Amino acid sequence: MIALDSDECLALLAGVPLGRVAYTRDVLPAVRPVNHIVRGGKIIIGAGASPWLTDAVRTRGKTVLGYQADEIDPHSRQGWSVLVVGYGRIIEDPDRIALYDPLVQSWTHTVNDALIAIEPDLVTGMRRTDSSNT
């Protein structure tokens, strides 16, 4: 296993369209798959068909979110996994919404309730490769 630095982690996230957002719903953990992009060091997610996620972030103004994505080959078990923890905020700027919304269309083909920007505070990742590649 190789630990990845935050720049490598964000670059890997930028290379895949789908991950999982973790948040608190009714004092219990909840995890949902969502589409994302990485812009300016922030993870932008679309909250398509996720009113509970949108409501949680909107109600608090900002809320701690976890975001995880990976790319792991099921046969060789080689690949990477990245976890980001940070504050999520609803994007209110109409220009940013117009720019980002088409890029984070929900994998469920539903309209996004909102776009949420996650400002990373903690970024960790690991890669597993064949020892002959290291």
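The values are calculated or read from the model by the stated rules, or taken from the named source; none is laboratory data. Please read all numbers here as calculations on a predicted model, not as lab measurements. Heads up, the Cβs are rebuilt from the backbone with ideal geometry, glycines too, and the neighbour counts pull from every protein chain shown. The protein model used for the area step is the full one, side chains on, heavy atoms only, and it has no ligands, DNA or RNA in it. Shrake-Rupley method; radii C 1.70, N 1.55, O 1.52, S 1.80 Å.
When you scan segment 27-114 for strands (runs of 3 or more DSSP E) that lie fully inside it, which ones turn up with 2 or more residues that are open to solvent by 70 Å² or more (accessible area, probe 1.4 Å) and out of contact with any Lys or Arg (no Cβ under 6 Å at 6 or more places or on another chain)?
On the way: elements: 28-39, 42-48, 63-72, 79-90.
Because the criterion is at least 2 residues that are open to solvent by 70 Å² or more (accessible area, probe 1.4 Å) and out of contact with any Lys or Arg (no Cβ under 6 Å at 6 or more places or on another chain), the strands (runs of 3 or more DSSP E) in segment 27-114 that meet it are 28-39, 63-72.
Let me confirm something: among 102, 94, 51, 29, which residue is modelled with pLDDT under 90 and farther than 25 Å from residue 127 by Cβ? Step through it out loud before you land on a result.
Details: 102 fails: modelled with pLDDT under 90; 94 fails: modelled with pLDDT under 90; 29 fails: modelled with pLDDT under 90.
Being modelled with pLDDT under 90 and farther than 25 Å from residue 127 by Cβ holds for just one of 102, 94, 51, 29, which is 51.
Enumerate the pairs (first residue in segment 74-97 and within 15 Å of residue 63 (Cα to Cα); second residue anywhere and in a loop (DSSP other than H, G, I, E, B)) with beta-carbon separation below 8 Å, excluding pairs fewer than 6 apart on the same chain, so at least 6 apart or on different chains.
Hits for this filter: 87/62; 88/62; 89/61; 89/62.
Those residues that are over 19 Å from residue 107 (Cα atoms), in contact (Cβ under 8 Å) with a residue 40 or more places away in the chain and in contact with a Gly (Cβ under 9 Å, 6 or more places away or on another chain), I need them from segment 24-63; list them, please.
42, 57, 63
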